[in-house]
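Working notes, beginning with the structure itself.
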Amino acid sequence: MQTLPCRGRGSTPRCGPPPLPGPQTPGAGMPEVVPGAPGSWQGGGAAYPSGPGNLPARRDRDQPMVSAFGDLVRTGSWDAARKTVAYQVFGDSKLDLRQVLRPGETLEVELYSLFGSAKILVPEGTDVQIQGMTLLGDARAEVGAAATGTTPPSGGRLVVTGWSVFGDVRVRSVAAGEKLPRGWRWAQPKRS
């Protein structure tokens with residue numbers, strides 16, 4: 001059994017989810033993009049040339065994604081809520097957030113998997129927090145150059161809570177134009 005480490009120092013480590021930015025926690029974490037709010041656009045207008053006022057607002061929560069005896073796959077520019085929940089039995093959950101996660105935004109993904117793995121792709125420079133528990137599997141974030149500080153952060157943040165039995169939870173960052181490694185090519189655009 002593998003449990004993910006708690007954060008904090010001293011005799012009282014914090015084992016809950018990391019704080020999400022907001023008015024009740026000023027300065028905690030990264031600033032969140034609030035479309036149209038003054039001062040909410042944090043640089044990098046090139047990613048969204050139409051301006052911050054035209055960004056669609058995200059739903060707080062969506063209906064859970066459920067799959068049994070097959071893979072649950074979301075790629076491209078799909079409509080994700082601030083908190084996404086997925087239940088998977090005998091299959092894999094594969095989420096590509098490279099076109100979904102915006103700079104300055106925090107998304108939460110909660111995964112429940114029995115006899116299957118979860119793979120999540122994020123843009124290079126995304127801050128990734130993984131918590132939860134795996135039984136006969138592992139949880140790992142492979143964030144490449146962003147972890148070493150050689151790439152400026154994108155300002156996006158992903159909080160993954162994974163509960164897995166007989167499966168892995170993996171998050172990987174991929175730079176623009178980088179070839180996807182074997183095992184992650186499910187996220188490549190299909191050729192017609």
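So, by mean Cβ neighbours within 10 angstrom, what's the order for 170-180, 132-142 with the highest one leading?
Numbers: 170-180: 15.0, 132-142: 17.0.
Put in order of decreasing packing, that is 132-142, 170-180.
Suppose R0 equals 30 Å; then what is the FRET efficiency for GLN99 and PHE69 from their Cβ-Cβ distance, rounded to the nearest 0.05?
Values: r = 28 Å, r/R0 = 0.94.
According to the calculation, E is roughly 0.60.
When the chain is fully extended, how far beyond the present Cα-Cα distance does SER77 get from PHE115, taking 0.36 nm per residue of separation? Working shown, then result.
Working: separation 38, 0.36 × 38 = 13.68 nm, distance 2.77 nm.
Full extension of this stretch gives 10.9 nm more.
How far apart, in nm, are two points set 7 Å out from the Cα along the Cα-to-Cβ line at ASP60 and at LEU135?
3.2
The numbers here are math on the coordinates, done by the rules we state, and not lab data. Nothing here was measured: the structure is a model prediction, and the numbers come from that model. No Cβ is skipped: glycine too gets one built from the backbone with ideal geometry, and neighbour counts run over all protein chains shown.
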